[in-house]
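Chemist: After the structure tokens below, expect a handful of questions from me.
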Amino acid sequence: MTITEKISQIDQNRLPAHVAVIMDGNGRWARQRGLDRSEGHVRGVDTVRTITEIASEIGIKYLTLYTFSTENWNRPQAEVNALMALVGIAIARETPDLIKNNVRLTIMGDLERLPDETLQCLRGCMDQTAHCTGLNLNLAISYSSRWEITDAVRKIARKAASGELSPECIDDATVSAAMCRPELPDPDLLIRTGGDFRISNYLLWQLAYSELYFSPLFWPDFGKEQFLDAILTFQHRQRRFGLTGDQVTTDNAK
């Protein structure tokens, strides 16, 4: 089946508004080919462009990519430096196309740890794409979910300590509002490439009721066809949110 045929099968009424992705396997892709791990990350950037294009084309509103975790700071310094430089180069290169395609860039994470040059490139792109109204491309960089939740707890605790917030009033909405990007809806679908079956400290609060899709392909080999397969698989699942299947069927029939 061609990409065009797969697109024609997508039900626009059941399109996930927010897709989150764990882009895994760049280093292993490179190692299988006798290349330096950095070459895998370079190819991974090409895949980011490809997936951003197809997500925008079919009408996805939010795409969050796990770009660099807080744990990744523990990798060899040479690899970390190369990754940070690559992020800056890639963002500078892609900014004109993001603007052309009406894609807005946002970021979330412990940004104070980012090199100044990398952060300036990211903020420059955010400023230049702030007017865009199409796909919101959100990069989780220097990010981990435990860091985010811990930071959210601190924010809530400070409000409680100052008397601004009563502990008895803290609910799910309070916690969600204290997260990095509370304006984003929770992901409907999580895609993980690379053949591993775990969440890896990613959006733990937000993924509570997300559908999970795992691909054995390394990220550089994951293309438009595979992304569409994930969307079509999502559309064939029944999302129950704690209800029974009969309840969901009845509600949908109303």
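The values are calculated or read from the model by the stated rules, or taken from the named source; none is laboratory data. Source: prediction; values computed, not measured. For neighbour counting, all protein chains shown are included, and Cβ atoms are generated from backbone atoms with ideal geometry for every residue, glycine included. Quick note on the areas: whole protein, heavy atoms, side chains included, nothing else; ligands and nucleic acids left out. Shrake-Rupley method; radii C 1.70, N 1.55, O 1.52, S 1.80 Å.
Chemist: Across segment 77-94, what is the number of residues that are open to solvent by less than 60 Å² (accessible area, probe 1.4 Å) and closer than 18 Å to residue 115 by Cβ?
Modeler: Let us first name the residues in segment 77-94 that are open to solvent by less than 60 Å² (accessible area, probe 1.4 Å), namely 79-80, 82-88, 90-91, 94.
Going one step further and asking which of them are closer than 18 Å to residue 115 by Cβ, we end up with 79-80, 82-88, 90-91.
Selection size over segment 77-94: 11.
Residue-by-condition table, conditions (1) of a type in the set (Gly, Ala, Ser); (2) in contact with a Ser or Thr (Cβ under 9 Å, 6 or more places away or on another chain); (3) within 18 Å of residue 108 (Cβ to Cβ):
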residue	(1), (2), (3)
148	no, no, yes
151	no, no, yes
198	no, no, no
210	yes, no, yes
217	no, yes, no
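Chemist: If I filter segment 95-112 for residues that are under 21 Å from residue 3 (Cβ atoms) and surrounded by 16 or more Cβ atoms within 10 Å (Cβ to Cβ), do I get at least one hit?
Modeler: Checked segment 95-112: at least one residue is under 21 Å from residue 3 (Cβ atoms) and surrounded by 16 or more Cβ atoms within 10 Å (Cβ to Cβ).
Chemist: I need the full set of residues from segment 175-200 which are part of a helix (DSSP H, G or I) and surrounded by 15 or more Cβ atoms within 10 Å (Cβ to Cβ), in order please. Spell out how you get there, then give the answer.
Modeler: Of all residues in segment 175-200, those part of a helix (DSSP H, G or I) come to 175-177.
The answer is 175, and nothing else.
Chemist: Step by step: first the residues of segment 116-145, then only those that are part of a loop (DSSP other than H, G, I, E, B) and of a type in the set (Ser, Thr, Tyr), then the one that is nearest to residue 77 (Cα to Cα). Which residue is that? Spell out how you get there, then give the answer.
Modeler: Step one: filter segment 116-145 for residues part of a loop (DSSP other than H, G, I, E, B), giving 130-135, 144.
After this cut, where a residue has to be of a type in the set (Ser, Thr, Tyr) as well, the list is 133, 144.
Working: 133: 37, 144: 19 Å.
That would be 144.
Chemist: Can you give me the number of residues within segment 216-242 that are in contact with a strand residue (DSSP E or B) (Cβ under 7 Å, 6 or more places away or on another chain) and either part of a helix (DSSP H, G or I) or among the polar types (S, T, N, Q) (or both)?
Modeler: 3
Chemist: Now a separate question. Kindly list the number of the only condition in (1) of a type in the set (Phe, Trp, Tyr); (2) open to solvent by 20 Å² or more (accessible area, probe 1.4 Å); (3) out of contact with any Gly (no Cβ under 9 Å at 6 or more places or on another chain) that fails for residue 234.
Modeler: Among (1) of a type in the set (Phe, Trp, Tyr); (2) open to solvent by 20 Å² or more (accessible area, probe 1.4 Å); (3) out of contact with any Gly (no Cβ under 9 Å at 6 or more places or on another chain), residue 234 violates only (2).
Chemist: Could you list, in sequence order, the residues of segment 201-231 that are over 17 Å from residue 8 (Cβ atoms) and open to solvent by 50 Å² or more (accessible area, probe 1.4 Å)?
Modeler: 204, 205, 208, 209, 212, 214, 216, 217, 221
Chemist: Being outside any strand (DSSP E or B) and open to solvent by less than 30 Å² (accessible area, probe 1.4 Å) narrows it down to one residue among 152, 160; which is it?
Modeler: Values: 160 fails: open to solvent by less than 30 Å² (accessible area, probe 1.4 Å).
Answer to the selection: 152.
Chemist: Is there a residue being farther than 24 Å from residue 39 by Cα, open to solvent by 50 Å² or more (accessible area, probe 1.4 Å) and in a loop (DSSP other than H, G, I, E, B) anywhere in segment 243-252?
Modeler: First pass over segment 243-252, keeping only residues farther than 24 Å from residue 39 by Cα: 243-252.
Keeping just the survivors that are open to solvent by 50 Å² or more (accessible area, probe 1.4 Å) gives 243-244, 246-247, 249-252.
Still in the list and also in a loop (DSSP other than H, G, I, E, B): 243-244.
The answer is yes, given that some residue of segment 243-252 is farther than 24 Å from residue 39 by Cα, open to solvent by 50 Å² or more (accessible area, probe 1.4 Å) and in a loop (DSSP other than H, G, I, E, B).
Quick grid of which residues meet (1) more than 19 Å from residue 62 (Cβ to Cβ); (2) among the polar types (S, T, N, Q):
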{"residue": "165", "(1), (2)": "yes, no"}
{"residue": "184", "(1), (2)": "no, no"}
{"residue": "196", "(1), (2)": "yes, no"}
{"residue": "201", "(1), (2)": "yes, yes"}
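Chemist: Since residue 150 meets every condition but one in (1) over 20 Å from the mean Cα position of the chain (by Cα); (2) farther than 21 Å from residue 18 by Cβ; (3) modelled with pLDDT of 95 or more, which condition does it not meet?
Modeler: The single condition residue 150 does not satisfy is (1).
Conditions (1) of a type outside the set (S, T, N, Q); (2) more than 27 Å from residue 39 (Cβ to Cβ); (3) touching a residue at least 24 places away in the same chain (Cβ under 8 Å), marked per residue:
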{"site": "128", "(1), (2), (3)": "no, yes, yes"}
{"site": "152", "(1), (2), (3)": "yes, yes, yes"}
{"site": "166", "(1), (2), (3)": "no, yes, no"}
{"site": "182", "(1), (2), (3)": "yes, yes, no"}
{"site": "188", "(1), (2), (3)": "yes, yes, yes"}
{"site": "198", "(1), (2), (3)": "yes, no, no"}
{"site": "220", "(1), (2), (3)": "yes, no, yes"}
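Chemist: Is it fair to say residue 193 is under 27 Å from residue 109 (Cα atoms) and in contact with a Gly (Cβ under 6 Å, 6 or more places away or on another chain)?
Modeler: Details: under 27 Å from residue 109 (Cα atoms): yes; in contact with a Gly (Cβ under 6 Å, 6 or more places away or on another chain): yes.
The answer is yes for residue 193.
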